[in-house]
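Participant: Right, I'll just put the structure down here and ask away after.
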Amino acid sequence: MEEMGYTKDEIKASKRFKERQDIIEALLKDGVYYSIEEAEKIIKRFMKGRV
């Protein structure tokens, strides 16, 4: 089965997540592949915890 998704560094380098690089660095794990939807879900879940 082929790997689908993007690494943490690839997501951080994208224009879509330009403003969220610090959050991505803290929340996503090295060596794990994430879909864009997964990355967005992790970020949204973290942001909802903020007041």
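Participant: Kindly evaluate K12 against the criterion of being at pLDDT 95 or above and in a loop (DSSP other than H, G, I, E, B).
Facilitator: Considered against the rule, which asks whether it is at pLDDT 95 or above and in a loop (DSSP other than H, G, I, E, B), K12 comes out as no.
Participant: I need the full set of residues from region 25-51 which are within 10 Å of I11 (Cβ to Cβ), hydrophobic (A, V, I, L, M, F, W, C) and either touching a residue at least 60 places away in the same chain (Cβ under 8 Å) or not in a helix (DSSP H, G or I) (or both), in order please.
Facilitator: L28
Participant: Can we say M4 is modelled with pLDDT under 95, among the aliphatic types (A, V, I, L, M) and part of a helix (DSSP H, G or I)?
Facilitator: Criteria not met by M4.
The values are calculated or read from the model by the stated rules, or taken from the named source; none is laboratory data. Source: prediction; values computed, not measured. Glycine also receives a Cβ, built like all others from the backbone with ideal geometry; neighbour counts cover every protein chain displayed.
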